[in-house]
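Notes follow the structure.
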Amino acid sequence: MTNKPKRNDRHILVCNDDGIFAPGIRALAEVAAEFGKVSIIAPDTQQSAVGHAITVHYPLRVTDFEINDKLSGQAVSGTPADCVKLAHDQLLKQKPDIVLSGINHGSNAGINLLYSGTVSAATEGTILGYPSIAVSCTEFSESADLSGCQEAARRVLRYIIENGLPSGITLNVNAPAGPLKSLSWTRQARSRYVDEFEGRVDPSNRPYFWTTGTLEVLEEGDDLDLNVLKKGRGSVTPIQYDLTANDFFRKINGKIDLE
């Protein structure tokens with residue numbers, strides 16, 4: 001990264017998908033404050049699993065909030081991706097140098113990163129040209145010990161400040177609750193959910209469905225994010241939003257005529 005801003009000049013945007021009052025965003029903002037000035041702009045309600053959705057048919061409204069004695073922020077009536085886009089275009093007088101998203105309550109490894117609003121806030125930052133990191137804890141409880149996730153975020157944040165990131169790359173960080181044992185580079189595990197819905201009947205005898213499902217891992221490997229997390233270690237997966245199947249494209253390009 002050329003012309004790296006010094007700590008006093010560095011501006012870090014912090015977002016999430018659990019909402020502006022979630023414990024995880026406070027924990028991540030505290031880490032960010034060690035490295036520069038922090039702006040918190042996040043959804044005003046829970047937005048888990050919204051993926052990279054953006055709001056197009058309704059107005060976005062912004063409310064200023066005091067989170068605690070040290071932190072304040074702006075709550076947006078939209079998705080995590082909305083928050084980053086709106087921050088970039090309208091809300092921030094100083095553009096961020098880095099975008100952080102999290103700390104999410106629940107793992108965003110394997111197929112989960114496709115559905116994750118936390119990851120999508122970070123990838124939106126990448127699309128807009130900012131080095132971006134998503135951070136998640138494998139524990140869903142809001143009372144989980146996030147100290148290890150904070151340390152993982154601290155290490156990865158320090159890494160990109162010192163080394164930068166290639167264009168189009170986002171770092172997806174996951175760590176267990178509690179102290180951080182280790183942190184390693186990983187690949188996204190190919191996985192899927194099976195038996196995803198449970199049918200039920202409400203008191204008025206009307207059927208409805210509740211999302212359930214069991215995560216199925218479709219490959220093996222010591223460097224897979226899900227396997228590293230299963231061993232109680234933290235993972236960092238470099239991801240990209242280019243969905244082109246490049247191997248297939250190179251194989252068929254010029255060889256199969258579609259005209």
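For Asp97, enumerate residues with amide H under 5 Å from its amide H, sequence gap 5+ or separate chain, H modeled in the peptide plane.
Close amide H contacts, sequence-distant or interchain: His11, Ile12, Leu13.
What percent does the relative contact order of region 102-259 come to when contacts are Cα pairs within less than 8 Å and at least six residues apart?
Relative contact order of region 102-259: 25 percent.
Given region 130-201, report the % of alpha carbon pairs whose separation exceeds 14 Å.
Percent of Cα pairs beyond 14 Å in region 130-201: 68.
When the Karplus curve 6.51 cos²θ - 1.76 cosθ + 1.60 is applied with θ = phi - 60°, which whole-Hz ³J(HN,Hα) does each residue of region 226-241 get, with x for Gly and Pro?
Coupling constants for region 226-241: 5, 6, 5, 5, 4, 8, x, 10, x, 10, 10, 10, x, 10, 9, 9 Hz.
Counting pairs of Cα atoms in the chain, how many percent are more than 29 Å apart?
Beyond 29 Å sits 32 percent of the P(r) for the chain.
Can you list residues whose amide H is under 5 Å from Gly19's amide H, if they're 5+ apart or on another chain and H is modeled 1.01 Å from N?
HN-HN under 5 Å from Gly19: Gln47.
Mind ordering 113-121, 101-109 by average Cβ neighbours within 10 Å, highest first?
With the highest mean Cβ count within 10 Å placed first, the list reads 101-109, 113-121.
Apply the Karplus parameterisation 6.51 cos²θ - 1.76 cosθ + 1.60, with θ equal to phi minus 60°, to every residue of region 162-170 and state each ³J(HN,Hα) to the nearest whole Hz, in sequence, with x for glycine and proline.
Couplings: 7, 10, x, 9, x, 4, x, 9, 10 Hz.
Highest mean first, what order results for 207-218, 228-239 on Cβ atoms within 10 Å?
228-239, 207-218
Determine one quarter of the surface area of the Cα convex hull of region 168-259, which equals its mean projected area, and express it in nm² to one decimal.
The number I arrive at for region 168-259 is 11.6 nm².
Short version: ³J(HN,Hα) in whole Hz for each residue of region 68-84, in order, from phi by Karplus 6.51 cos²θ - 1.76 cosθ + 1.60 (θ = phi - 60°), x for Gly and Pro, what are they?
7, 5, 9, 10, 10, x, 10, 9, 10, 7, x, 8, x, 5, 3, 4, 5
Please say if region 21-87 is rounded, prolate or oblate, where rounded means a/c under 1.5 for a ≥ b ≥ c the square roots of the C-alpha gyration tensor eigenvalues, and otherwise the choice is prolate for a/b larger than b/c and oblate otherwise?
Since a/c reaches 1.5 and a/b is larger than b/c, the shape of region 21-87 is classed as prolate.
Counting only residues 5 or more places away or on other chains, whose amide H sits under 5 Å from the amide H of Leu146 once H atoms are built in the peptide plane?
Correct list: Gly178.
Ranked from highest to lowest mean number of other Cβ atoms within 10 Å per residue, what is the order of the peptides 194-204, 175-185, 49-59?
Top to bottom by mean Cβ count within 10 Å: 175-185, 49-59, 194-204.
Give the relative contact order (percent, whole number) for region 172-215; include only Cα pairs under 8 Å separated by 6+ residues.
Rounded, it is 33 percent for region 172-215.
Each value in this text was obtained by applying a stated rule to the coordinates, not by laboratory testing. Source: prediction; values computed, not measured. Heads up, the Cβs are rebuilt from the backbone with ideal geometry, glycines too, and the neighbour counts pull from every protein chain shown.
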